[in-house]
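Any read-out appearing in this document is the output of simple, stated calculations on the displayed coordinates, not a laboratory observation. All values reported here derive from a predicted model rather than from experimental measurement. Glycine gets a Cβ as well: all are built from the backbone with ideal geometry, and neighbour counts include every protein chain shown.
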Amino acid sequence: MARCYNFCAGPATLPLSVLETARDDMVDYQGSGMSIMESSHRGKQYAAVHEEAVANIRELMGVSDDYAVLFLQGGASTQFAYIPINLLGEGQTADYTNSGAWAAKAIKEAKLLGNVNIAADCGSEIPTRVPSVDELQLTDGAAYLHVTSNETISGAQWKIFPSCEAPLVADMSSDILSRPVDVNQFGLIYAGLQKNLGPSGAALVIVRKDLTDRVQESTPTMFKYATHIKAGSMFNTPPCFSIYILNLVTRWLKSEGLQNIFDQNVAKAAKLYAAIDGSGFYRGTAVQECRSDMNVTWRIANEDLEPEFIKQADAQGLKGLKGHRSVGGIRASIYNAFPPEGIDALVAFMKNFEASNG
Ligand SMILES: *Cc1c(COP(=O)(O)O)cnc(C)c1O
């Protein structure tokens, strides 16, 4: 079997043990004579998967009963609209921080639906960063404050979240469950599954229940959080297979331990940043204090060499290192499931590449 080192930003590498279990379960799920993909979402078998997935998320993140844990379709991008639809009342203002491409997309949708104040804007700065807590210009009585926990494209990450009176809303698509966070600090957390949680096909939403009664009565049923809370994310057919894989990933996370995963993530990223900083040949893209532990971004001082770097790395089984098409450069996405040996292989490749081209 030839598994490559997959540095893709999303969909992204999954734990091998999860893929193997899914393979073994594929055509005959636990003696049912059918795949979990073929079984009714109202049946006992799927219900057990769904309930365990919710329970595991609650346990791993320490989610209290004040919050609902939902799986909603349309990915994280649909949440960009859901949030203002449900949480931004008429005449109210929502505060948003602009830290880059993903924050900008969230802002664009919110502006279509209500009043938005940009509390801080460093979205187009290079080197890239997220705002510092003390530069935020917050609105009195804001409906909420939105932050993008980790900018997947630029590789900048909030290390300490702002504390504010308004509920804090965080897009954690690319760093959810990569580190311990205190859920009670947030009004709402959301994440597309396909970076750190499983395959694509849904978003995980953790929302404080009391916030969901702000929604207007006239809002279509499917677009209300309240609908999905009431139905336990089973108002309509959920993406059963995505949630099944997510459940296996949460089992794996529980066996590894979140603190252990976090320590490993920090160590993996530090090794790669050390390799970047250790030579004038490479240059990191993000401001030091904001460097992401999930998406490591850098340039080669001579940018003309980047296509060759990516091509040669690919030929050696180091896949998906091309930076996002909007910014270029090199990006290594090293989520929870990315193995430490892959970092060593990349660092060795970087040294060799520099020796032949430096
Ligand atoms: C990938 C990503 C998204 C978009 O996720 P989709 O599920 O494709 O809509 C949103 N925000 C961040 C930070 C991301 O990394």
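From the Kirkwood radius over Cα pairs of the chain, Stokes-Einstein at 37 °C and 0.692 mPa s returns a whole-number translational diffusion coefficient of 155 µm²/s. Across the stretch 127-176, the mean sequence separation of Cα contacts (distance under 8 Å, 6 or more residues apart), normalised by length, yields a relative contact order of 44 percent.
With Rh defined as the Kirkwood radius, the inverse of the mean 1/r over Cα pairs, the Rg/Rh of the stretch 1-62 is 1.05. Relative contact order of the stretch 258-357, taken over Cα pairs closer than 8 Å and 6 or more residues apart, is 28 percent. Taking every Cα-Cα distance in the stretch 286-358 and sorting them into 10 Å bins starting at zero, the pair-distance distribution P(r) comes out as 18, 54, 27, 1 percent.
Here the Karplus curve 6.51 cos²θ - 1.76 cosθ + 1.60, taken at θ = phi - 60°, turns the phi angles of the stretch 112-121 into couplings of 5, 10, x, 7, 10, 10, 7, 6, 6, 9 Hz, with x standing for Gly and Pro. A simple spin-label model places pseudo-atoms 7 Å from Cα toward Cβ; at Ser326 and Gln185 they are separated by 2.6 nm.
Of the three principal axes defined by the Cα atoms of the stretch 25-173, the extents in descending order read 58, 36, 29 Å. Computed from backbone phi with θ = phi - 60° and the Karplus coefficients 6.51, -1.76 and 1.60, the 3J(HN,Hα) list for the stretch 128-143 is 7, 7, 10, x, 8, 4, 7, 9, 6, 9, 8, 8, 5, x, 4, 5 Hz; x is used for glycine and proline.
In plain terms, the residue of His50, His324, His146 with the fewest other Cβ atoms within 10 Å comes first and the most crowded comes last, giving His324, His50, His146. Step through the table entries Lys159/Lys319; Lys111/Lys159; Lys271/Lys319; Lys268/Lys319; Lys159/Lys254; Lys111/Lys322, compare each Cα-Cα distance with 25 Å, and write down the pairs that go over it. From the list (Lys159/Lys319; Lys111/Lys159; Lys271/Lys319; Lys268/Lys319; Lys159/Lys254; Lys111/Lys322), the Cα-Cα distance tops 25 Å for Lys159/Lys319; Lys111/Lys159; Lys111/Lys322. Between the beta carbons of Ser200 and Gln30, assuming R0 = 25 Å, the FRET efficiency works out to 0.50 to the nearest 0.05.
Over all Cα atoms in the stretch 310-351, the spread is summed up by Rg and Dmax: 10.5, 29 Å.
Each peptide in 195-204, 181-190 was scored by the mean count of other Cβ atoms within 10 Å over its residues; highest first, the order is 195-204, 181-190. Computed over the stretch 155-234, the convex hull of the alpha-carbon atoms projects to a mean area of 6.5 nm².
Look at where the Cα atoms of the stretch 261-325 and of the stretch 134-159 average out, and the two centres are 24 Å apart. For Asn295, the amide hydrogen comes within under 5 Å of the amide hydrogens of Ile334, counting only partners 5 or more places away or on other chains and with H modelled in the peptide plane. Tally Lys/Arg at +1 and Asp/Glu at -1 over every other residue whose Cβ is under 13 Å from the Cβ of Ala103; what's the total? Around Ala103, the charge tally is -2. The listed peptides 71-78, 82-89, ordered by packing as a protection proxy, come out as 82-89, 71-78 (highest mean of other Cβ atoms within 10 Å first).
Across the stretch 17-256, the mean sequence separation of Cα contacts (distance under 8 Å, 6 or more residues apart), normalised by length, yields a relative contact order of 25 percent.
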